[in-house]
Amino acid sequence: MSESTVTQLLADYGQLLDASLATAVKTLTTAGFDSTVLPLLSQFSFETKAEPLNGAATLNGRWADSASQRRGWLVINCDGSMMLEIDLICPWPGKDQVWAESVSVWGRDSQSLVAEVTPLVML
């Protein structure tokens, strides 16, 4: 699929993409984390992939650190559902022996996205 398809999907789903990052910020802030660990949408690289069942385009984003290690990803499926996950791997503020693995956001409607921080209990 072409670069123009990526551009069109970014335009079509811009509100959903912005809402997903805003939801991640709110979720992290509420849990006591510094939300500045999250990337800006402009830091993602995007491509499209064909949905195996019907061939329609899905929008796939990848965020990598300075060593090109993947730190986050997102996908918007051809049905408009989306999933975003950003790696955190850091201590959970105020919780002994608990770290945060990632923050995830999912849904279809930019007004009612669901998010969570995944805990990683230390043994």
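FYI, it's all coordinate maths here, none of it is from the lab. Fair warning: this is a prediction, and the values are worked out from it, not measured in the lab. Note that we place each Cβ from the backbone using ideal geometry, even for glycine, and neighbour counts take in every protein chain shown.
Structure summary
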quantity: Cα-centred dipole magnitude for the chain, charges only on beta-carbon of K, R (+1) and D, E (-1), debye, nearest 20; calculated: 100 debye
quantity: Helix-only mean residue ellipticity at 222 nm for the chain, each DSSP H run of n ≥ 4 adding -39500 (n - 2.57), per residue, nearest 500; calculated: -7000 deg cm²/dmol
quantity: For the chain, diffusion coefficient by Stokes-Einstein and Kirkwood Rh (Cα), 25 °C, 0.890 mPa s, µm²/s; calculated: 162 µm²/s
quantity: Which of Ala64, Gly107, Val75, positive extreme of dipole for the chain (C-beta unit charges); calculated: Ala64
quantity: Nearest-0.05 FRET efficiency for Gln15 and Ser35, computed from C-beta distance (R0 25 Å); calculated: 0.80
quantity: Calculated on alpha-carbon atoms, Rg and Dmax of segment 28-72 in Å; calculated: 14.5, 42
quantity: Mean Cα-pair separation over length for the chain, i.e. relative contact order, pairs under 8 Å, 6 or more apart, %; calculated: 22 percent
